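Chemist: Below is one structure. I have some questions about it.
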Amino acid sequence: MDGGIFCSFCKSEAVVTLAYANSCMCKKHFCEYVEKRFRRTVREFSMLKKGELVGIGLSGGKDSSVLLHLMHSLSKSLPLRLVAITIDEGIKGYRPPTVKIARQEAKKLGIMHKTYSFASVYGYSMDSVMKGKPQEAACSYCGVFRRHLLNKACKELGVQKLAIGHNLDDVSQTVLMNIMRNEPMRLLRFGGVAGIIEDEGFVPRIKPLMRIPEREIGLYAILKGIPIKFQECPYAYTAMRQTVRAQLNEMEEKYPGTKFRILNSFLEIKKIAKPPPPKERLKYCEKCGEPTNSKICACCKLVEKLD
Amino acid sequence: MALMVNGKKRKMTSGITCAQLVKKLSLSREECIVKVNGKPAADGRKIGAKDKVDVITIVFGG
Ligand SMILES: [Zn+2]
Ligand SMILES: [Zn+2]
């Protein structure tokens, strides 16, 4: 083979260079490395208990599809009951192909799959919500609906934990953004488990991929033949996150391991800094019963505004 | 080399490594994967005149 590079651990051809680990890896060693980090993260934060019913937020994008496969293989050694949950925001041209992938992948692995759509639950698809609205409003509308619907769906299904596909890039960006926006309390609530205020009305969220860089998740998907659509949401408008992502990637190229160090610093700080208890007890929305800070939750307020 | 970047044909002279190719395309190595002859390749992989190269941007979507 001409110009080939070999795995640092065996004689096979390398498929990746991991600059932060100062090594090259073949397909087998790289996949094992990703799987090991996933399992270690689950153990490190005691994310899962034997026999639990675990929901997997499955958009059909690369992160959640890889999460589905890793959770499925974990469930062979740690008995878990899995259900994949897809939220269909109603974005023409963008969401239907990934909903199809989500359904196919869940079926392939024999995992129960449920789809909930904004349109059928709230009466509005994202496309109809966005008519005549500025592009920058999209992510906040979509985020409010999605969080609300995922939590509601989990409770309906009896899900005890919800696994989401946030990767190392996502979490290191979030840590930096919370610092840049001077939101230290919000930052301290962030982490591998929960993320939201502890309350029986909130299904705890876990992030088993938080120690895996986004690029490695994409590579893992390609190597394992997990179908992926590399496509951006037509409403994507997250100016600050895009900037942070670009800068962070530049830093990572110059100083490999930067993303890991940001996450690890944050986790060390979190160990010694406990967030203060919430000022008031959470209330429950008068309309939908979901936990909220006010009489009516953000989601129901949005729906009222749209009606 | 026969080069495709996100499904579009591009021109580039061979004899460089995958990492150099990504730089020349003004992409970030954190945001893309280079396949040589259908297989993902390490940064230092030299690209020959007969190689078929695909560069895929992977950062969008979740
Ligand atoms: Zn190897
Ligand atoms: Zn409500």
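Chemist: Mind counting the residues in the range A:2-17 that are part of a strand (DSSP E or B), open to solvent by less than 40 Å² (accessible area, probe 1.4 Å) and either within 11 Å of ligand 1 (Cβ to nearest atom) or out of contact with any Ser or Thr (no Cβ under 9 Å at 6 or more places or on another chain) (or both)?
Modeler: The total comes to 1.
Chemist: In this structure, does A:Asp199 turn out to be closer than 30 Å to A:Leu80 by Cα, part of a helix (DSSP H, G or I) and open to solvent by less than 50 Å² (accessible area, probe 1.4 Å)?
Modeler: Against the criterion (closer than 30 Å to A:Leu80 by Cα, part of a helix (DSSP H, G or I) and open to solvent by less than 50 Å² (accessible area, probe 1.4 Å)), A:Asp199 does not qualify.
Chemist: Quick check, is A:Gly165 free of Cβ contacts under 8 Å to residues at least 12 places away in the same chain, within 14 Å of another protein chain (Cβ to nearest Cβ) and either within 18 Å of the chain's Cα centre (by Cα) or on the phi < 0 side of the Ramachandran plot (or both)?
Modeler: Judged against the criteria, A:Gly165 is not a match.
Chemist: Oh, and also: Let me confirm something: among A:Val83, A:Val99, which residue is more than 14 Å from every other protein chain (Cβ to nearest Cβ) and away from ligand 2 (no atom under 16 Å from the Cβ)?
Modeler: Unique residue meeting the criteria: A:Val83.
Chemist: Which pairs turn up if I take residues in the range A:253-264 that are outside any helix (DSSP H, G or I) and look for partners that are open to solvent by 30 Å² or more (accessible area, probe 1.4 Å) with beta carbon separation below 7 Å, at least 6 apart in sequence or on another chain?
Modeler: Hits for this filter: A:Pro256/A:Ala19; A:Pro256/A:Tyr20; A:Gly257/A:Tyr20.
Chemist: What number of residues in the range B:37-62 are more than 7 Å from chain A (Cβ to nearest Cβ) and open to solvent by 10 Å² or more (accessible area, probe 1.4 Å)?
Modeler: Adding up the residues that qualify gives 7.
Chemist: Here's something else I'd like to know. Of the residues A:Ile228, A:Ile222, which is more than 16 Å from ligand 2 (Cβ to nearest atom), farther than 20 Å from A:Glu183 by Cα and under 17 Å from the mean Cα position of the chain (by Cα)?
Modeler: Selected residue: A:Ile228, the only one of A:Ile228, A:Ile222 that is more than 16 Å from ligand 2 (Cβ to nearest atom), farther than 20 Å from A:Glu183 by Cα and under 17 Å from the mean Cα position of the chain (by Cα).
Chemist: If you don't mind, another one. Do you know which residues across the range A:18-52 are more than 13 Å from ligand 1 (Cβ to nearest atom) and touching a Cys at 6+ places or on another chain (Cβ under 9 Å)?
Modeler: Result: no residue meets the conditions.
Chemist: Being assigned to a loop (DSSP other than H, G, I, E, B), at negative phi and open to solvent by 10 Å² or more (accessible area, probe 1.4 Å): is that true of A:Ser59 here?
Modeler: yes
Chemist: Right, here's the next one. Just the residues that are touching a Ser or Thr at 6+ places or on another chain (Cβ under 8 Å), open to solvent by 10 Å² or more (accessible area, probe 1.4 Å) and over 30 Å from A:Ala246 (Cα atoms), please, taken from the range A:118-177.
Modeler: Correct list: A:Ala119, A:Ser125.
Chemist: Something else about it: Failed condition for A:Tyr284, given (1) under 25 Å from the mean Cα position of the chain (by Cα); (2) in contact (Cβ under 8 Å) with a residue 40 or more places away in the chain; (3) within 16 Å of ligand 2 (Cβ to nearest atom), with all others met?
Modeler: Tallying (1) under 25 Å from the mean Cα position of the chain (by Cα); (2) in contact (Cβ under 8 Å) with a residue 40 or more places away in the chain; (3) within 16 Å of ligand 2 (Cβ to nearest atom), A:Tyr284 fails exactly one: (1).
Chemist: If you don't mind, another one. Could you look through the range A:292-306, keep only residues that are more than 9 Å from ligand 2 (Cβ to nearest atom) and touching a residue at least 12 places away in the same chain (Cβ under 8 Å), and pick out the one that is least open to solvent (accessible area, probe 1.4 Å)?
Modeler: A:Leu302
Chemist: Condition check: in the same structural domain as A:Leu162 (by TED's automatic domain parsing), touching a strand residue (DSSP E or B) at 6+ places or on another chain (Cβ under 8 Å) and surrounded by fewer than 19 Cβ atoms within 10 Å (Cβ to Cβ). Does A:Met112 satisfy that?
Modeler: Taking the combined requirement at face value, the residue satisfies it.
Matching residues to (1) touching a strand residue (DSSP E or B) at 6+ places or on another chain (Cβ under 8 Å); (2) within 12 Å of chain B (Cβ to nearest Cβ):
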| residue | (1), (2) |
| --- | --- |
| A:Gly191 | no, no |
| A:Asp199 | yes, no |
| A:Phe202 | yes, no |
| A:Leu223 | yes, yes |
| A:Phe230 | yes, yes |
| A:Thr243 | no, no |
| A:Asn249 | no, yes |
| A:Thr258 | no, yes |
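The values are calculated or read from the model by the stated rules, or taken from the named source; none is laboratory data. Note that this is a predicted model, so its numbers are computed, not measured. Backbone-built Cβ (ideal geometry, glycine too); neighbour counts: all protein chains shown. Just the protein is used for accessible areas: all its heavy atoms, side chains included, with ligands, DNA and RNA removed. Shrake-Rupley method; radii C 1.70, N 1.55, O 1.52, S 1.80 Å.
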